[in-house]
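The values are calculated or read from the model by the stated rules, or taken from the named source; none is laboratory data. Computed from a predicted model, the values in this text were never measured in an experiment. Quick reminder, even Gly has a Cβ in these numbers, built from the backbone with ideal geometry, and neighbours come from all protein chains shown. Ligands, DNA and RNA are stripped out before the accessible areas are found, and what is left, the full protein with its side chains, is counted by its heavy atoms. Shrake-Rupley method; radii C 1.70, N 1.55, O 1.52, S 1.80 Å.
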Amino acid sequence: VTTEKIDYTLVLDGPMFERWAIHLTGGAKKYDKRNWLKASEQEELDRYRESAMRHFIQWFKGEEDEDHAAAIFFNVNGACYVQDKLK
């Protein structure tokens, strides 16, 4: 029985997994694949947080010029990644 184990397939439900992947694919074309993994300093953590907040406000206001929800996912993930590196 796997009830005590993490079910990673649950993140595939809904639209966000694909939208986040599309966002990362666009970034990889522009900046290189997994370039965001180079972030490791407080300054980068601050930028991720600021960007997440900007995109959240844009998403909340209903702006559709880009996929702000996917950008929120990207920036929160990046911030958490850097936070873990700084510990």
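Structure notes:
- Listed values (i) 21; (ii) 17; (iii) 31 include one computed from this model; for percent of Cα pairs over 23 Å apart that value carries the label (iii).
- Based on Cα contacts under 8 Å between residues 6+ apart, the chain shows a relative contact order of 35 percent.
- Along region 80-87 the Karplus relation, 6.51 cos²θ - 1.76 cosθ + 1.60 evaluated at θ = phi - 60°, assigns HN-Hα couplings of 5, 4, 5, 4, 4, 5, 7, 5 Hz to successive residues, with x for each Gly and Pro.
- What the Cβ-Cβ distance of Leu86 and Asp65 gives, at R0 = 35 Å and to the nearest 0.05, is a FRET efficiency of 0.60.
- Farthest toward the positive end of the dipole of the chain, out of Gln42, Cys80, Ile57, is the Cα of Gln42, where the dipole comes from beta carbon charges about the Cα centre.
- The residues of the chain present an accessible area of 80 Å² per residue when probed at 1.4 Å with all protein chains retained.
- Spin-label pair Val76/Asn35, simplified geometry with 7 Å Cα→Cβ offset, distance in nm: 2.5 nm
- Listed values for region 11-17 are Karplus-derived 3J(HN,Hα) couplings in whole Hz (6.51 cos²θ - 1.76 cosθ + 1.60, θ = phi - 60°), namely 6, 7, 6, x, x, 6, 4, and x replaces Gly and Pro.
- Size of electric dipole in the chain: Cβ of Lys, Arg +1 and of Asp, Glu -1, about Cα centre, debye, nearest 20: 300 debye
- Taking all protein chains as shown and a probe of 1.4 angstrom, Leu12 keeps an accessible surface of around 90 Å².
- Heavy-atom accessible surface of region 34-77: percent carbon and sulfur, 1.4 Å: 54 percent
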